[in-house]
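What follows is one structure encoded as structure tokens, with my remarks underneath.
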Amino acid sequence: MKLLLVIAGLLGLTSLGSLLLWAWGASAKPPSEPAGPQSQGTVALVEPEIDFGRVDLGSKIRGSFTVVNNSGATVALKEVAKSCSCTSAELTCGELAPNGRADLRFEIKTGVLRGRRAETIMLSVSSGGQQLGTLAAKVLFEPTGIVTVEPSTVVLTRAESKVTLAVRIDSVRSQGKVLDAVSSHPCVRIDKTSLPLLHLELDTDALHESSIETKCVVYTSVPGEDEVSIPVRVRK
């Protein structure tokens, strides 16, 4: 009888110990982590770059970029800078709700200078008075006319000190001719004996700066394009 009582007591103690261990484990278990916020996304340009290719000299190109707000908060948009005074831009709205869209409309005067160009419009993005970042919208184009020059831009260095330019006139649109060409800096010499081909050569003895931005001017008999400027970059 005593043996049975001892066994029952031991079983009771074992059950009590198990219960206490379970209670301690339950209290010691760390609380579950609260669900974190979902990704806030970004404010971005749907298409950050537009390439118009070749366009007419002295014309205007127009288009628009789309800004989309995936940030989850209302944001303010503001134009902060343009790379050229030839560019005008306008936002369809200055405040963008979550998942909202706005257009950035622009107009660029192509001017009279030839060569590949890139103009940029910068937008600032803020929310609640806090700056979130900037967006850069880039427009690429190459102004051309009846008179074309290949290559349209020139880089001269000690290693590559010579280049040949081919001046062409669209015979369908004009019967003009290439009359002359001059360099705007003495370090760039022009051989005009093979017009309409021009042979440019860097004269390092006349170059006193480490680099300069100059140009060559081609004179033609084409109305409106009687002076054609070709940018020339010179590097020692």
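Taking the listed residues R62, R114, the one that is among the charged types (D, E, K, R) and either in a loop (DSSP other than H, G, I, E, B) or assigned by TED's automatic domain parsing to the domain that holds P151 (or both) is R114, with no other qualifying.
Inspection of the stretch 143-152 identifies at least one residue that is closer than 29 Å to D226 by Cβ, surrounded by fewer than 13 Cβ atoms within 10 Å (Cβ to Cβ) and modelled with pLDDT under 95. Here S126 passes the criteria (1) under 30 Å from V80 (Cα atoms); (2) part of a loop (DSSP other than H, G, I, E, B); (3) among the small types (G, A, S) except the one numbered (2).
The set of residues in the stretch 159-205 being more than 37 Å from the chain's Cα centre (by Cα), assigned to a loop (DSSP other than H, G, I, E, B) and over 24 Å from G145 (Cβ atoms) consists of T193 alone.
Would you confirm, using the coordinates I've provided, whether E213 is free of Cβ contacts under 8 Å to residues at least 40 places away in the same chain, out of contact with any His (no Cβ under 7 Å at 6 or more places or on another chain) and assigned to a loop (DSSP other than H, G, I, E, B)?
no
The values are calculated or read from the model by the stated rules, or taken from the named source; none is laboratory data. None of the values given here were measured: they were computed from a predicted structure. Note: ideal-geometry Cβ built from the backbone for every residue, glycine included; neighbour counts use all protein chains shown.
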